[in-house]
Amino acid sequence: MATTDAHRLALQSFLSRGVMSTSEVKELHKKACQTFNVNFENTMECLRNFLEKINENISSVGMEIRSKKDEETGKLMFALVMTNESQLGRLSSDYQKNDLELFKKILDLIVEAESGCVSSTDVLNLASHLKEKMSKQDAQNILSRLIKENWLTESQGEISLAPRAIMELEHYLTDVYEEDIRHCHLCKEIAIKGQWCPCGLKLHIFCAARLFRGKDDCRCPGCKDVWEFEIPSDDRATNSASNKDTANSATTGRKRKDRL
Ligand SMILES: [Zn+2]
Ligand SMILES: [Zn+2]
């Protein structure tokens, strides 16, 4: 399939929105193909081919559309990312130097926290630890902007990395935090948020749900010790909005025993 106006329309949409859910991308794919009379099938394969064609055309300018499961909901997300900037991707050009320093310090906290999330209070307290000090109000404004632009997410006062940040900053994260970054035992992908065993083994919440499906005696696949976390139900990936409250203790990766 040649590159068409349909691909260009989809790319424009990605450029303006940055990150999209699977249903939004499917809708965009359908609309772009129908608008320009391009062959369309409502399948993931057709969608993958369509996105691959866009990627062939934008790789020379250092961009790529990537997909990854949201660590919180398990839903597949798509993002347009910069691939040729070794440091902080598109953040480097969009944010002031001091704002970036704040973001890097937030990353330090998030990566060092086993749960992959930190309280917004801890984030705001970083304002006084920057080389050029910043007011808490300014820090709050930057934090709000980072959340709005899908670099960070906030849930009940806990801040963590959004899928866009993990997709765009994966190289940066594995370079800078070589020692601290863990990969999920099941899917082998980077795992910032998730459930973890004292032996060092980590699982995404949705991967833990898959691994322990139907098991009464849940044990760490590494050290065989009892898995101390609440195991979320397997359907939460498709039903996350309705059971958000009940699943919350599982999504923040908290241990059953000592913190609930
Ligand atoms: Zn996983
Ligand atoms: Zn273990």
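Annotations for the structure displayed:
- Accessible area of the chain belonging to carbon and sulfur atoms, whole % at 1.4 Å probe: 45 percent
- Shape class for the chain, computed from the alpha carbon gyration tensor (a ≥ b ≥ c): oblate, with a/c not under 1.5 and a/b at or below b/c.
- Distance from segment 26-54 to segment 130-209 (C-alpha centre basis), Å: 31 Å
- Listed cross-link partners Lys69/Lys104; Lys133/Lys202; Lys75/Lys105; Lys131/Lys188 are compared with a 31 Å cut-off, the Cα-Cα value being larger for Lys133/Lys202; Lys131/Lys188.
- Full extension of the chain between Val38 and Asp225 yields a length gain of 61.9 nm, computed as 0.36 nm times the residue separation minus the alpha carbon distance.
- Most to least packed among 168-181, 141-154, 208-221 [average Cβ atoms within 10 Å]: 141-154, 168-181, 208-221
- Relative packing of peptides 160-166, 188-194, 132-138, 118-124 - highest average C-beta neighbours within 10 Å first: 160-166, 188-194, 118-124, 132-138
- Protection proxy ranking for 88-95, 57-64, using the average of other Cβ atoms within 10 Å per residue and placing the highest first: 88-95, 57-64.
The values are calculated or read from the model by the stated rules, or taken from the named source; none is laboratory data. Quick caveat: nothing in here was measured; it's all calculated off a predicted structure. Cβ: placed from backbone, ideal geometry, glycine included. Neighbour counts: every protein chain shown. Just the protein is used for accessible areas: all its heavy atoms, side chains included, with ligands, DNA and RNA removed. Shrake-Rupley method; radii C 1.70, N 1.55, O 1.52, S 1.80 Å.
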